[in-house]
1. I'd like the full set of residues that are assigned to a loop (DSSP other than H, G, I, E, B) and either on the phi < 0 side of the Ramachandran plot or in contact with a Phe, Trp or Tyr (Cβ under 7 Å, 6 or more places away or on another chain) (or both), limited to segment 83-114.
2. In this structure, is Tyr45 among the aromatic types (Phe, Trp, Tyr), open to solvent by 60 Å² or more (accessible area, probe 1.4 Å) and in a helix (DSSP H, G or I)?
3. Taking Ala16 as meeting all but one of (1) of a type in the set (A, V, I, L, M, F, W, C); (2) crowded, with 19+ Cβ neighbours inside 10 Å; (3) within 23 Å of the chain's Cα centre (by Cα), write down the number of the exception.
4. Considering only residues of segment 144-158 that are open to solvent by 90 Å² or more (accessible area, probe 1.4 Å) and either β-branched (Val, Ile, Thr) or not in a helix (DSSP H, G or I) (or both), which is farthest from Thr65 (Cα to Cα)?
5. Please determine, by comparing only the residues of segment 166-198 that are free of Cβ contacts under 8 Å to residues at least 60 places away in the same chain and open to solvent by less than 30 Å² (accessible area, probe 1.4 Å), which one is nearest to Gln109 (Cα to Cα).
6. What are the residue pairs meeting all of these: first residue in segment 26-48, first residue without any contact (Cβ under 8 Å) to a residue 40 or more places away in the chain, second residue of a type in the set (Asp, Glu) and open to solvent by 20 Å² or more (accessible area, probe 1.4 Å), Cβ atoms under 7 Å, and 6 or more apart or on different chains?
7. Out of curiosity, is Ser126 open to solvent by 40 Å² or more (accessible area, probe 1.4 Å) and assigned to a helix (DSSP H, G or I)?
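The values are calculated or read from the model by the stated rules, or taken from the named source; none is laboratory data. Given the structure is predicted, the values throughout are model-derived calculations rather than measurements. Neighbour counts are summed over all protein chains in view; Cβ atoms, including those assigned to glycine, are modelled from backbone coordinates with ideal geometry. Heavy atoms of the whole protein, side chains included, go into the accessibility calculation; ligands, DNA and RNA do not. Shrake-Rupley method; radii C 1.70, N 1.55, O 1.52, S 1.80 Å.
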Amino acid sequence: MGSKERILRQKEETRANILTAAREIVKDEGWQGLSMRKIADKIEYTAPIIYEYFANKEAILQELTCKGFTILIKDLEAAKEESDDAAVQLEGMWLAYWNFALKNKEMYQLMYGVEMTCCAQRTTESDTPYQLISSCIAKLMKIEKPDPHVIKQKYFTFFSVIHGLISINIVGNGLSDDINKQILKDAITGIIRYIEEE
């Protein structure tokens with residue numbers, strides 16, 4: 001390996017270490033505990049070195065947001081591929097969405113602004129979950145050219161219920177996992193039936 005490749009690899013590793021350290025700090029202290037100095041201390045670098053990779057804390061948050069959406073997209077695509085039936089795809093994708101949120105609570109908080117300010121910058125990654133799910137909604141509607149505004153309305157009907165339930169769970173509501181899962185399945189099934197019967 002040449003020196004250029006080695007330097008490039010070291011830079012990529014340092015960048016990845018900064019992001020990993022940021023996530024570890026957040027898991028321990030929450031998003032309000034994250035600072036450039038704490039990241040530097042955790043990876044045993046000086047703060048100015050961190051600034052060589054990220055202009056500020058917001059740049060780190062934006063990168064973590066994109067990473068979160070990338071993971072979510074993979075989960076949604078995997079769920080969608082399990083069936084050709086639009087109703088089954090929708091249920092699978094929303095369950096994958098739910099599982100992602102509960103497995104990656106801190107990332108979800110950042111991505112969607114639960115108990116914190118989210119990164120407002122829209123990206124291809126942040127738009128993709130909507131595109132994946134709305135394509136299934138359009139297919140489920142069984143109309144040759146469904147109105148995009150109606151599809152969007154139906155997407156946000158799903159999103160409002162599911163995001164609300166996730167947010168309640170992140171904040172802490174005391175319901176058991178079984179009850180939460182049943183509420184989630186009832187909501188998904190009810191919305192799917194409503195779309196199919198229209």
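1. Ser83, Asp84, Asp85, Asn104, Val114
2. Values: among the aromatic types (Phe, Trp, Tyr): yes; open to solvent by 60 Å² or more (accessible area, probe 1.4 Å): yes; in a helix (DSSP H, G or I): no.
No; evaluated as a whole, the condition is false for this residue.
3. Of (1) of a type in the set (A, V, I, L, M, F, W, C); (2) crowded, with 19+ Cβ neighbours inside 10 Å; (3) within 23 Å of the chain's Cα centre (by Cα), only one is false for Ala16: (2).
4. Among them, the one singled out is Glu144.
5. Ser167
6. Partner pairs satisfying both residue conditions: Lys42/Glu24.
7. Details: open to solvent by 40 Å² or more (accessible area, probe 1.4 Å): no; assigned to a helix (DSSP H, G or I): yes.
No.
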